[in-house]
1. Could you grab me the full set of residues in the stretch 26-85 that are in contact (Cβ under 8 Å) with a residue 40 or more places away in the chain and either on the phi > 0 side of the Ramachandran plot or hydroxyl-bearing (S, T, Y) (or both)?
2. Only one of (1) surrounded by fewer than 17 Cβ atoms within 10 Å (Cβ to Cβ); (2) assigned to a loop (DSSP other than H, G, I, E, B); (3) modelled with pLDDT of 95 or more; (4) not small (G, A, S) is not met by M46, so which one is it?
3. In the stretch 41-65, which residues are farther than 15 Å from G14 by Cβ and in contact with a strand residue (DSSP E or B) (Cβ under 8 Å, 6 or more places away or on another chain)?
4. Name the single residue that is surrounded by the most Cβ atoms within 10 Å (Cβ to Cβ) among those in the stretch 24-37 being assigned to a loop (DSSP other than H, G, I, E, B) and out of contact with any strand residue (DSSP E or B) (no Cβ under 9 Å at 6 or more places or on another chain).
5. With A40, A62 as the choices, which residue is surrounded by 13 or more Cβ atoms within 10 Å (Cβ to Cβ), at pLDDT 95 or above and either touching a Gly at 6+ places or on another chain (Cβ under 6 Å) or aliphatic (A, V, I, L, M) (or both)?
6. Within the stretch 49-80, how many residues are in contact with a Lys or Arg (Cβ under 9 Å, 6 or more places away or on another chain), closer than 18 Å to D16 by Cα and outside any helix (DSSP H, G or I)?
Amino acid sequence: MMKPIEDGPLKADGYDAAIIGFEPSSQRFVYDRQKMITIAVYDMDMSHEDAIEHLEYNVWGAYVGEHTPIYIELGKYDELVDFLH
């Protein structure tokens with residue numbers, strides 16, 4: 001599921017449209033988790049629940065070395081605090 005770019009940062013295969021940035025000090029791509037769910041639902045024909053389960057188990061929870069991508073929830077402070085509770 002992870003694909004290296006010539007010995008550099010890793011990309012989550014099939015989720016390029018969810019890349020929202022790059023963290024230069026650690027050489028890692030940054031992905032929007034909600035966009036990844038949308039891609040899984042529409043491009044991979046999964047239900048919303050199946051997409052989350054698939055991503056949690058196979059992508060977000062996978063550590064594949066120091067260049068493992070960063071997966072984030074975007075939102076305003078209040079929304080993110082609510083997300084944590």
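1. The answer is S26, Q27, Y31, G65, T68, Y71.
2. (1)
3. V64, G65
4. Of everything passing the filter in the stretch 24-37, Q27 is surrounded by the most Cβ atoms within 10 Å (Cβ to Cβ).
5. After applying the criteria, what remains is A40.
6. Counting residues in the stretch 49-80 that are in contact with a Lys or Arg (Cβ under 9 Å, 6 or more places away or on another chain), closer than 18 Å to D16 by Cα and outside any helix (DSSP H, G or I) gives 8.
The values are calculated or read from the model by the stated rules, or taken from the named source; none is laboratory data. Only a predicted model underlies this, so the values are computations on that prediction, with no experimental measurement involved. Positions of Cβ are backbone-derived with ideal geometry, glycine not excepted, and every protein chain shown enters the neighbour counts.
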